[in-house]
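A quick write-up on the structure given underneath.
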Amino acid sequence: MTRTISGLGTRGVVVAQWIRERIINGTFAPEEHLQEQVLAEQSGTSRTPVREALKLMEHEQLVVYSPNRGYVVRRFAIEDITNAFEVRATLEGMVCRVVAHRGVSEAGTSMLKRLLRRMQPIAYSEEWGNEDSLEWFDLNAQFHQVLIEEARNPVLADTIQRTQRLPLIFDAQFRLRNPSQVSRLFAAEDTQRSYQEHVSLFALIEERRGIEAEALMRQHIEQSKEAIRAKFAQIYPCAQ
């Protein structure tokens, strides 16, 4: 059998991705018990790759294991989420500095310009709704991902990806609890500010002003952290 990362078999890696996606999108809720046999049936595989996948999820701190209950989906506290944002702010700031000093590729420049053109009408939409919020979420993620790829540092990219998972899990829980109010994840005034920061980031990177680009990206993500903190208080008022 072919072995891959962390000693997992190929099938174990596939199942791990399958479980990870369902934790991130809220299909598997916090503190939900993940039974090997049930997961094997749902994923169309056997218990061995499921067992391997769950061990990887434990290593990634997405699930918790106890002898009595087995594996359960981890419930994250606001401190976990804000800590992830703080690390991400530092790392993505580094990305901007590296990319500014090295220069953006022609393909990267074209993609960033295209994303900014698509962002503008959404940011200044007169009727801000759920569809706008979801599209903004996607375009924002793409913008950040292009910059990360332009840094051409797989270790940095993998570490950033880990810090991005907790806010995504939070967003999934918000959407499940507030299905008709997804637009509150990104209020209109937040997206207008964010859009202007994206424009400024792109300009600073094109002008090779790495230190300033790094500082702006850190500020940009710190503001997102505070927005998430406020939304957490809204969803879990007793936890504050």
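Just for the range 198-240: of the residues that are at pLDDT 85 or above and outside any helix (DSSP H, G or I), which one is farthest from D80 (Cα to Cα)?
Only one residue tops the list, namely E207.
Out of V64, V95, report the one residue that is of a type in the set (A, V, I, L, M, F, W, C), under 19 Å from T163 (Cα atoms), free of Cβ contacts under 8 Å to residues at least 12 places away in the same chain and touching a helix residue (DSSP H, G or I) at 6+ places or on another chain (Cβ under 9 Å).
Values: V95 fails: free of Cβ contacts under 8 Å to residues at least 12 places away in the same chain.
Unique residue meeting the criteria: V64.
The values are calculated or read from the model by the stated rules, or taken from the named source; none is laboratory data. If you're wondering where the values come from, they're calculated on a predicted model, not measured in any experiment. In this analysis, Cβ positions are derived from the backbone assuming ideal geometry, glycine residues included, and neighbour counts consider all displayed protein chains.
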